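This report refers to the structure that appears directly beneath it.
The values are calculated or read from the model by the stated rules, or taken from the named source; none is laboratory data. Source: prediction; values computed, not measured. Glycine also receives a Cβ, built like all others from the backbone with ideal geometry; neighbour counts cover every protein chain displayed. Please note that ligands, DNA and RNA were not included when accessible areas were found on the heavy atoms of the full protein model with its side chains. Shrake-Rupley method; radii C 1.70, N 1.55, O 1.52, S 1.80 Å.
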Amino acid sequence: MSQRKRSKGLGCSQLPDGEDDFIPTQVERRSQEQLNQKVSELVQFLLVKDQKKIPIKRADILKNIIREYKDAYSEIIKRADRTLQEVFGLQLVEIDAKRHIYILINNLPCAQGELLCRGKEQEKMGLLLVILSFIFMKGNSVKDSALWEFLHLLRVYPGKQHGVFGDVRKLVTEEFVRQKYLETTAIPLTDPPEFKYQWGPRAEKETSKKDVLNFVAKMQGKDPKFWASQYSEANKATT
Amino acid sequence: MSHAGTSGESPPAARRRRARPPQPQERAAREEAAEAAHEEAAEEEAAGERLRQLSIGDGDDDDREHNRMIRSQYRELISTVQQNREAMLNSKSNRLTEALEEANRLFDGVCRAREAALDAHFLVIASNIGKEKASELHSEMSAFDSTAFAEDLLTFMGINRTEVEETDESEDIPGGFLPTGAWQTIGEEAPKYFRRAPTFHYMMGSFKSEPPVPKQRIERQRKASRRKAERAMPAQLKKMEESHQEATEKEVERILRILQTHFEDDPNTPISFFDFVIDPNSFARTVENVFHVSFLTRDGLAKIKLDEDELPIIEPIKPSEGGEEEDSRAGARNQVVISLNQKEWKEIIETFQIREAMITPPYQATEEEMETE
């Protein structure tokens, strides 16, 4: 009941007042109230699905939420994104235009001193940031052997159970890859097969080369300009 | 096998052999000889070498051992190179060059395809590494020292370097003690660099079914009433057992004895019926007394008649009496219905000033006597 009230309120502000939004005729067949109901359902669905940080597929959205409103899909998605931005400060981003996969990212600038994630999640993010920094500074692509050799220096071993991360190999090769933070590709003509790691689409959206370079600079107590080519690449990317 | 001998003599090998300066004695001999002789000698030498190869190729035991050794050395070299790949890539190291020189040396002893194949395998690996080294040189990235980065990270995580740990790891691992909150420290810094959406969780947790509090209350009430009912039961049962016909008969006999006792004391004065049956303390017992007295009159053990004031009196009949016809007939034929309600009962008590019951109640006989006192 309260959901409907909420959506009604947003619906009023969402109705284009003099905006030249092109609403396709199929949408008019459905009442505004019905559409807004679907939008609210989709927003809740996305928020819950995002808990594990595994990207959301369009097929799941269609099957669970949209159902018979398939013709109004793009309109519903658009409105849901607007709701997420205006109400929650989040953004719905399509990271794969071909396979139609979405993630939620934070629209607000990174706030200092705010604990938005805790404990285990934070530690994983720390490891992830270290890995992403290594990949970027090494030219955006590293071989798995190089990555593990680097993590070796930090007392993180693929074959050994880690006190904090447990099965690190699984965390890096499965979890981070599934969440689209990292991307792994096989190197051709290698035997035994070797893989290379790059930034995944979620990493591209959630952070930037500039931020990561700043992190490295902070750790090493140097100016980011110290690494001239990385610096120029990072600044090029922000345009 | 002979072909193997010839194929073992690959162009580079031949070139290398030819590059070697000829023996001084040979040189002297050749210098003296004519050009033709020199060429002849060279040809002979080549033929002689080929023969030597053939005999080697035909697998003497010593030769087999020699080849086996070469193969194992090659394999060792290949595995060393593969395992220390990253170390070789390090631009500062010369290890790739050293490996190449080692392979070159080994190749001198190679004379068959089998070992040469291993040499070729090594060449592929070495050139791959060489290509990578070259690409690193050409890379547009400024030199990034990952080892230094790792050390700085450890420092940030709060490593204590004064305590040196002796580990089995290679010398690349720095010593020092990493505290437990190490990754938490980095974890606190990390979120600042991400625009990660905070995860959504319901504040009150997921929906749970209601606890069965009302059910318990109902159960308790039911139990309580059941208990009371049980308690009531035994009391009722007791009363049930006692109200038998025998009890009635006993009562009747008791009342007869009381009547006879009273009449013996005072044989000539009949007892007022009301005085006899009425219990001023209990209307119910009064009714019971009337009930029991009626048995007496029915059985002809007592008689009720009216006196001069037309008030009923009661007196026992002696069984020995012959029985005046009038009386027995009158007793047998007369039936009386007595009705009594509480109002009348109270009026009778008032009128006749009945203070105590002549028929003592069966249970509380002593108590009643005390009370009336």
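As a calculated quantity, the FRET efficiency between A:K160 and B:R95 at R0 = 22 Å, using C-beta atoms, amounts to about 0.20.
Averaged over the residues of A:126-134, the number of partner chain Cβ atoms lying within 10 Å of the residue Cβ comes to 5.
Between the range B:145-160 and the range A:198-234, the C-alpha centres lie 17 angstrom from each other. Averaged over the residues of B:79-87, the number of partner chain Cβ atoms lying within 10 Å of the residue Cβ comes to 1.
Separation of the range A:32-46 and the range B:273-323 by C-alpha centroid, Å? Between the Cα centre of the range A:32-46 and that of the range B:273-323, the gap is 96 Å. For the residue pairs A:K57/A:K98; B:K250/B:K346; A:K138/B:K131, the C-alpha atoms sit more than 22 angstrom apart in B:K250/B:K346.
How much FRET efficiency would the formula 1/(1 + (r/R0)^6) give for B:S127 and A:N140, where r is the Cβ-Cβ distance and R0 is 22 Å, rounded to 0.05?
Efficiency, from the Cβ-Cβ distance: 0.35.
Solvent exposure of B:R257, expressed as accessible area, is near 130 Å², computed with a probe of 1.4 Å over the protein chains only. Note on A:W199: accessible area approximately 20 square angstrom, rounded to 10, probe 1.4 Å, nucleic acids and ligands left out.
Each residue, A:H152 and B:N281, gets one label point 7 Å from its Cα in the Cβ direction; the gap between the two is 11.0 nm. Checking every one of the GluC sites (Glu not before Pro) in the range A:72-161 against DSSP loop status and a limit of 14 other Cβ atoms within 10 Å picks out A:E114.
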